[in-house]
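Note sheet for the following structure.
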């Protein structure tokens with residue numbers, strides 16, 4: 001074997017070893033990249049989970065604060081509506097009392113007027129009754145006079161007929 005062949009064989013052997021080392025180095029690099037990518041993925045997932053948990057906590061705090069504010073608003077509105085209801089009831093009571101007083105005044109005034117009308121009618125009826133009684137007395141007197149004169153005339157006629 002000559003030196004050229006030997007150098008060629010050595011170069012081929014060295015190239016084969018370099019190739020094997022290159023493959024091994026590539027496999028190690030691939031494993032390192034895969035491990036680094038998995039670690040980055042896991043780290044990113046952990047970070048996203050932390051962000052998600054923090055956001056959920058913050059949203060829970062916001063929701064709770066909003067519920068408290070809405071509860072306060074509801075309570076304040078209920079108090080105001082109660083105040084308005086009480087004020088309206090007081091005003092309606094005042095209106096009712098004022099209307100009852102006015103109706104009482106109207107009733108009293110009407111009773112007075114009807115009493116005056118009744119008294120005036122009774123007075124007029126008394127006057128009519130008195131005048132009617134006077135007329136009746138005059139008619140009775142006139143009738144008595146006529147009957148008396150008729151009786152006297154009948155006696156005169158009877159006397160004249162007897163004679």
Could you give the distance between the Cα centres of segment 98-116 and segment 123-163, to the whole Å? 52
Over the chain, volume per residue of the alpha carbon convex hull, in Å³: 239
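List the equivalent ellipsoid semi-axes of segment 89-163 in whole Å, largest first, each obtained as the square root of 5λ for an eigenvalue λ of the Cα gyration tensor. Walk me through the numbers before you get to the answer.
Values: eigenvalues 975, 10, 3 Å².
The three semi-axes for segment 89-163 are 70, 7, 4 Å.
Roughly how compact is segment 2-65, stated as its Cα Rg over 2.2 N^0.38 Å to two decimals? Walk me through the numbers before you get to the answer.
Numbers: Rg = 26.9 Å, N = 64, 2.2 N^0.38 = 10.7 Å.
Here the answer is 2.52, to two decimals.
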Along the Cα→Cβ direction, 7 angstrom out, place labels at residue 136 and residue 118. What is the inter-label distance in nm? 2.5
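Bear in mind these aren't lab numbers, they're just calculated from the coordinates by the rules spelled out. Fair warning: this is a prediction, and the values are worked out from it, not measured in the lab. Glycine also receives a Cβ, built like all others from the backbone with ideal geometry; neighbour counts cover every protein chain displayed.
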